[in-house]
Number of protein chains: 2
Amino acid sequence: MKIGVLGTGSVGNALASGFVMAGHEVRMGARDAGNEKAKTWAAGSGRGGSSGSFADAAAFGEIVFNATAGTGSVEAVRAAGRDNLRGKILVDLSNPLDFSRGMPPTLFTTPPGDSLAERIQNEAPDAKVVKTLNTINASVMLDPGRAGGDSDLFIAGNDAAAKERIIAFLKEFGWKRVLDLGGLTAARGMEAYVLFWLFLFVAQKTPDFNIRVVKP
Amino acid sequence: MKIGVLGTGSVGNALASGFVMAGHEVRMGARDAGNEKAKTWAAGSGRGGSSGSFADAAAFGEIVFNATAGTGSVEAVRAAGRDNLRGKILVDLSNPLDFSRGMPPTLFTTPPGDSLAERIQNEAPDAKVVKTLNTINASVMLDPGRAGGDSDLFIAGNDAAAKERIIAFLKEFGWKRVLDLGGLTAARGMEAYVLFWLFLFVAQKTPDFNIRVVKP
């Protein structure tokens, strides 16, 4: 499958490399088509990888992953282009973290208390935005075993078929438990969770962990 | 031990009743000493229970639990009285949930992005505020088995000895795993988690659940 990855940071690199290793064709997109990090990744990725602008990556992908930093995500999706995303699944991993006042960060979505995923859906109204993978470290995203035993991934979105397709896609990478939290509004909870994750991270002394929902 | 419980809602009732059943003496405090809910609870609680004002409960308890609704917690602690709380452990279970714009709620602590626990510590500077128990439903607080298998409770606070004492206290109620997330700043994460909990609750269709941290 052809996959577009928006973002050249640790999350974008982990996803793009993991997808290529799984046999997919990946175009990594950056603000500028000549972005050095994206070109370096593509050069090292073998036949399956290429690089370009956000719009290039969005046009290339049958599915597009937003792996940009939260502060730039809405702008990145705007640059990707409404038409390039039309009818496609746009998987959003971004978190609305504001580090401008130091650590710990705050959520720049409160007020009003919405989510970055919803803002991205507004920016790409013809795409099917699916929120997932934002609650774990990049190292665990395509390698769930790295977090230890079976743990839970969460998913939210307004299009049931799109969520089902992404759940099936993630299963190929070892995710056995993907809990559907409902419509895209649930991204508000998933994004707020990341503030909690940051303190767990400090306490665990490793980013390679996750949580599992326990019930009787 | 003598325990003060601030709050007459479901959380206050669950804690106060559980503490009496475990052999402790409990005074439930409300804004008004004649609060009917507190009097009704005390009347039904047998010898171990009594009721009074927030100040009465704070003066009575060797340890005090804040189980008031988040929107009234700072005011409740102020009414409890700085002198009544001096040198005592004040366990804070409150969550800064703002339901004024409907569901889902937002956090009224963002901006500036602090936590209710820190505000309460500011209001009772001579108390040792310990944040815990706010990440689970009242039904699970003193009955962890109700959430299924072993799950995790979280704790934060600036006084290490106070946290150790509360961890030991909670162990008597069956909590085997209480993860120390650090100083009271970590309450920011624990309180933000509750937005995530609310969506888990909808998806799980029961409030009797919890999470467990998984790592290799």
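Every number here is computed from the coordinates shown, using simple stated rules; none is lab data. Keep in mind that this is a model prediction, so the values were computed, not measured. Quick reminder, even Gly has a Cβ in these numbers, built from the backbone with ideal geometry, and neighbours come from all protein chains shown.
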Residues A:Asn122 and B:Glu62, FRET efficiency given R0 of 45 Å [Cβ-Cβ distance, rounded to 0.05] = 0.25
For the range A:102-216, what is the largest minus smallest coordinate of the Cα atoms on each principal axis, given in angstrom and ordered from greatest to least?
-> 38, 38, 30
How far is A:Gly9 from the same spot in each other copy, in nm, shortest first, if each label point sits 7 Å from Cα toward Cβ?
-> 3.5
Rg and Dmax of chain B, Cα atoms only, in Å = 16.1, 53
Hull-based mean projected area of the range A:1-81, where the convex hull spans the alpha carbons, in square nanometres = 4.3
Each residue of A:196-208 has, on average, a number of other protein chain C-beta atoms within 10 Å of its C-beta equal to 6
HN-Hα J couplings of the range B:45-59 from phi, Karplus 6.51/-1.76/1.60, θ = phi - 60°, integer Hz, Gly and Pro as x?
-> 9, x, 5, x, x, 9, 9, x, 7, 4, 5, 4, 5, 5, 5
Can you pull the one-decimal nm distance between simple spin-label points at B:Arg47 and A:Ser10, each 7 Å off the Cα toward Cβ?
-> 5.9
Would you mind getting me the FRET efficiency between B:Glu75 and A:Met21? Use the beta-carbon distance for r and R0 = 45 Å, nearest 0.05.
-> 0.20
Per DSSP, loop GluC sites (Glu not before Pro) in the range B:95-183 with at most 12 further Cβ within 10 Å = B:Glu172
Please report, largest first and rounded to whole Å, the three semi-axes of the ellipsoid equivalent to the range A:35-158, where each semi-axis is the square root of five times an eigenvalue of the C-alpha gyration tensor.
-> 23, 20, 16
Non-local residues with an amide H under 5 Å from the amide H of A:Ile89, with H modelled 1.01 Å from N and Pro and chain starts lacking one, are A:Val64, A:Lys128
Considering only the range B:74-216, what is the antiparallel percent among its DSSP beta bridges, to the nearest 5?
-> 40
Relative contact order of the range B:86-216: what whole-number percent is it, with Cα pairs under 8 angstrom and at least 6 residues apart?
-> 29
Residues with beta-carbon under 15 Å from that of A:Arg119, excluding A:Arg119: net charge, scoring Lys, Arg +1 and Asp, Glu -1?
-> -3
Please list the radius of gyration and Dmax for the protein assembly as shown, considering alpha-carbon atoms only, with Å as the unit.
-> 23.6, 77
Under the Karplus relation with 6.51, -1.76 and 1.60 and θ = phi - 60°, whole-Hz ³J(HN,Hα) for the range A:172-188, x at Gly and Pro, equal 4, 9, x, 7, 8, 10, 10, 8, 7, 9, x, x, 5, 4, 5, 4, 4
Quick calc: nm separation of the 7 Å Cα→Cβ label points for A:Ser100 and A:Ser139 -> 3.2
A student asked for the Cα radius of gyration and Dmax of the range B:31-78 in angstrom ought to give 11.0, 32
Local charge sum around A:Gly7 (other residues, Cβ-Cβ under 15 Å, Lys/Arg +1, Asp/Glu -1)?
-> 0
Out of all DSSP beta bridges with both ends in the protein assembly as shown, state the antiparallel percent to the nearest 5.
-> 25
nm² value of the averaged projected area, convex hull over the Cα atoms of the range A:152-216 | 5.3
